[in-house]
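Here the structure comes first, spelled out in structure tokens, and everything after it is commentary.
FYI, it's all coordinate maths here, none of it is from the lab. Everything numeric here is computed off the predicted structure, so don't read it as measured data. Ideal geometry is used to build each Cβ from the backbone, glycine not excepted, and the neighbour counts take in all protein chains shown.
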Amino acid sequence: MASTEHAPTPVPGRPNSQPPSLEEPTEPTAPLSPKPDQQGVQPRTPTGAEPVPDRATTAQQGEFLTTSQGARLRDTDHSLKAGRRGPVLLQDHHLREKITHFDHERIPERVVHARGAAAHGVFEGYGTAEPVCRAGFLAKGKRTEVFTRFSTVVGSRGSMDTARDTRGFATKFYTDEGTFDLVANNIPVFFIQDGIKFPDVVHAAKPHPDREIPQAQSAHDTFWDFVSLHTEAQHHTLWFMGDRGIPRSYRMMEGFGIHTFRLANTAGETSLVKFHWKPQLGVHSLTWEEAQLLGGNDPDFHRRDLADAIEAGAHPSWELGIQVFPDNEEQSFEGIDLLDPTKFVPEELAPVQPIGRLTLDRNPSNYFAETEQVAFNPGHLVPGIDVTDDPLLQVRLFSYVDTQLTRLGGPNFAQLPINRAHAPVNDMLRDGYGQQGDHSGIAPYHPNSLDGGCPFMAGEMDSAFEDLPVRLPEGVKERELSATFEDHFSQPRLFWRSMTPLEQDHIVDAYSFELGKCYEATIRERQLQSLANIDADLCGRVAAALGMPAPASTVPVEEESDGAVDSSAPLSQLGGRWPTDGRVIGIVVDPDGDNSALLALHEAIVAVSMTPVVIAPRGGEVAGVPVGRTFGTAASVEFDALLLAGNPLTAPDSRPSIDPKAGAPGAGEVEPRVGKLIDECWRHAKAIGAWAEGRTALEARTAPDGAGLVLGEDGQAVFGEVRTLLESHRVWERFPADA
Ligand code: HDD
């Protein structure tokens with residue numbers, strides 16, 4: 001059964017360590033206070049009159065259960081019947097209202113990016129963008145509230161978080177000049193070059209329409225059929241066959257605006273830019289085996305990780321950066337077409353210049369109201385930021401509002417609290433389904449003389465949005481792309497060559513897995529041809545794994561432009577050292593051993609913004625520290641590192657493990673489920689520390705001189721060394737292994 005219980009371990013002395021009362025309260029509690037976003041700016045009335053308090057957003061007022069009309073109720077557990085054993089009466093208003101509302105609780109999930117998690121935060125500008133952009137929220141020290149939603153693309157709303165997929169990274173900046181949405185992904189290039197193909201690629205990636213399987217997977221025939229027939233998709237696909245397709249955490253992903261945008265400064269001079277999010281914690285991934293195990297052990301892994309980290313005070317943070325290019329007539333830079341969304345510009349050619357910092361510091365209080373109802377749109381722009389003619393972006397500008405009209409049930413979703421601009425809104429949009437504005441005035445048209453001429457048009461000095469006066473290219477109407485979009489292989493080759501050998505191994509494994517799941521030999525052959533056009537070694541290794549011949553390349557490799565660099569260091573995830581905030585440390589303890597130092601160790605881990613989880617044979621407390629996981633509920637994939645503080649040999653509930661991976665330890669050496677934890681942490685190259693009796697368990701399952709093992713006498717000292725190892729994310733020396 002999937003585990004659902006991984007709340008951060010309550011810390012003694014903290015409010016959340018109180019066990020919940022099992023008894024129903026008999027006295028009503030005080031009414032809930034309005035939530036922070038319910039105290040926000042109210043839309044101004046057209047005539048400038050004081051707004052009426054917005055009661056619609058202040059849910060759950062008063063102490064008593066009421067009908068939706070505010071009538072207090074005596075009973076909500078029994079329907080009104082003609083006699084105790086008689087039929088239910090139609091006149092029962094509360095019953096009908098309760099059931100009717102319930103029947104309509106669900107809304108259509110997003111057609112893509114249905115599965116997601118979000119958080120509130122703040123963006124602070126550095127002021128460094130000023131030479132190229134006049135947007136007010138980028139000014140030095142300016143703080144702007146934000147809401148960021150991360151997502152997978154293909155799976156349904158209830159699908160697992162750790163599927164191999166691209167991740168969405170959409171941020172709503174509630175700026176003083178209107179809302180700016182940066183609707184980004186964790187991969188800097190996209191599947192397709194023209195938005196007209198978006199329904200096709202999504203139909204191909206979604207489950208097969210006959211049996212609706214597989215869920216949240218790209219390892220199936222229709223996906224690879226599309227990718228092998230539309231070779232422009234090869235580049236994006238190679239990125240998510242790499243480790244970025246299975247991130248360790250939403251907190252550890254880069255984000256990319258992908259398209260080129262046009263910025264304008266106060267003098268009206270324009271530049272072309274690409275947006276980048278750089279995570280403070282570095283870019284890290286799961287191993288494929290971890291991702292698969294998590295799909296069963298904890299399908300909510302990324303959602304839980306984000307919420308737990310924020311709750312524990314480990315607020316994730318990213319720097320926003322831009323690559324700046326001259327706004328030239330060709331819209332290209334160093335031979336790379338800036339309007340082609342399947343191309344990126346290597347940082348060696350155009351460095352990413354930091355312009356501000358995003359910090360996520362508050363979890364949503366209601367998933368549906370906020371995370372589900374938030375509506376992003378790449379067309380939500382502010383003065384100083386404009387779009388370009390990228391044919392993918394142009395189609396996106398239509399699609400988002402269009403889909404939201406259905407998903408959010410009509411044209412007034414901008415009035416939902418999460419979507420409401422924090423800038424004053426005076427929009428002359430009226431009526432329609434879901435209208436909540438109590439608009440005053442009688443003349444919602446412009447110009448008018450009856451509402452005092454309100455609202456007025458903004459003048460030059462009023463920070464109005466400006467459609468930049470861009471010269472249009474000459475041409476005829478045609479359904480074609482420019483010839484500069486035709487090279488589909490040189491940038492994938494650049495990506496492949498920028499990977500370390502270990503990352504290349506992972507890519508080969510991923511293609512071998514995905515294509516190995518395709519039934520049609522012609523699809524595998526066609527995809528091998530594309531791999532041959534990217535790199536002969538990549539193709540040869542995947543072909544060998546599939547037991548198929550490797551074709552020769554059909555493109556002239558030397559003649560293609562690869563953007564003047566052979567490899568690009570920032571594309572590889574390995575090699576750096578990063579903060580360990582929000583990492584989860586499992587601690588195996590023996591409740592019958594000496595645990596006098598456990599509380600201090602627990603506090604030391606919390607003090608460095610990490611999450612300790614005590615693992616014991618049974619629930620309850622050990623030496624004043626709550627048990628977070630029992631041997632029955634612990635899974636290695638939930639932990640970034642493992643500490644063995646003791647070696648409980650028998651557990652009260654211990655039956656012989658039937659899991660074949662648990663192995664057969666020497667009698668009395670290590671409890672089988674602890675042995676399995678150690679084995680998996682070893683195989684996934686995680687740091688493991690042990691002291692006291694814990695050493696016996698570790699020594700029974702691993703080589704004594706194994707990399708990334710810390711054996712000592714003192715728990716805090718061992719933890720210190722394990723933490724240092726975690727700065728590199730994994731003990732990379734332990735690979736190659738069968739992970
Ligand atoms: Fe999209 C949602 C990112 C191309 C049509 N997209 C959506 C989300 C993200 C992206 C992060 C989820 C937003 C959220 O959390 O609510 N999409 C991208 C990126 C693209 C891209 C980075 C290419 C650079 N998208 C794209 C195209 C189309 C769409 C070409 C249509 C032609 N995208 C949609 C959509 C969604 C969406 C159908 C689904 C739900 C929604 O918009 O509100 O309109």
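Listed values, structure above:
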read-out: Filtered trypsin sites (Lys or Arg not before Pro), segment 89-176: DSSP coil and at most 11 other beta carbons within 10 Å; value: Arg106
read-out: Stokes-Einstein D (µm²/s) once Rh is taken as the Kirkwood radius of the chain over alpha-carbon pairs, at 25 °C in 0.890 mPa s; value: 86
read-out: Alpha-carbon spread of segment 116-415, three principal axes, descending order, Å; value: 58, 45, 42
read-out: Debye-sum result for segment 488-571 in log10 I(q)/I(0), which assumes one identical scatterer on each alpha carbon, at q = 0.11, 0.24 Å⁻¹; value: -0.29, -1.18
read-out: Sequence-distant residues sharing a close amide H with Ser285 (under 5 Å, placed H); value: Arg248
read-out: Potential extension, Ala82-Ala569 segment - 0.36 nm per residue separation minus Cα distance; value: 167.7 nm
read-out: ³J(HN,Hα) computed for each position of segment 686-694 - Karplus, 6.51 cos²θ - 1.76 cosθ + 1.60, integer Hz, glycine/proline x; value: 9, 5, 10, x, 8, 8, 6, 5, x
read-out: Residue-wise HN-Hα coupling along segment 185-193, computed from phi with Karplus coefficients 6.51, -1.76, 1.60 (Hz; x: Gly, Pro); value: 10, 8, 10, x, 10, 10, 4, 10, 9
read-out: Cut-off under 5 Å, modelled amide H: who pairs with Ala184 long-range; value: Phe169, Ala170, Thr171
read-out: Convex hull projection area averaged over all views, segment 388-491, Cα basis, nm²; value: 11.8
read-out: Estimated vicinal HN-Hα couplings, Hz - segment 430-443 in sequence order (Karplus 6.51, -1.76, 1.60; Gly, Pro = x); value: 9, 6, x, 4, x, 5, 10, x, 9, 5, 9, x, 10, 10
read-out: Ranked packing of 178-186, 196-204, most packed first, by mean Cβ within 10 Å; value: 178-186, 196-204
read-out: Coil-residue GluC sites (Glu not before Pro) of segment 196-302, DSSP, other Cβ within 10 Å capped at 13; value: Glu212, Glu269
read-out: Other-chain or far-sequence residues with amide H under 5 Å of Lys142's (modelled H); value: Gly125
read-out: Low-density loop cleavage sites - GluC sites (Glu not before Pro) in segment 320-411, where at most 16 other Cβ are within 10 Å (DSSP); value: Glu329, Glu330, Glu334, Glu347, Glu348
read-out: Percent antiparallel among DSSP beta bridges (both partners in the chain, rounded to 5); value: 75
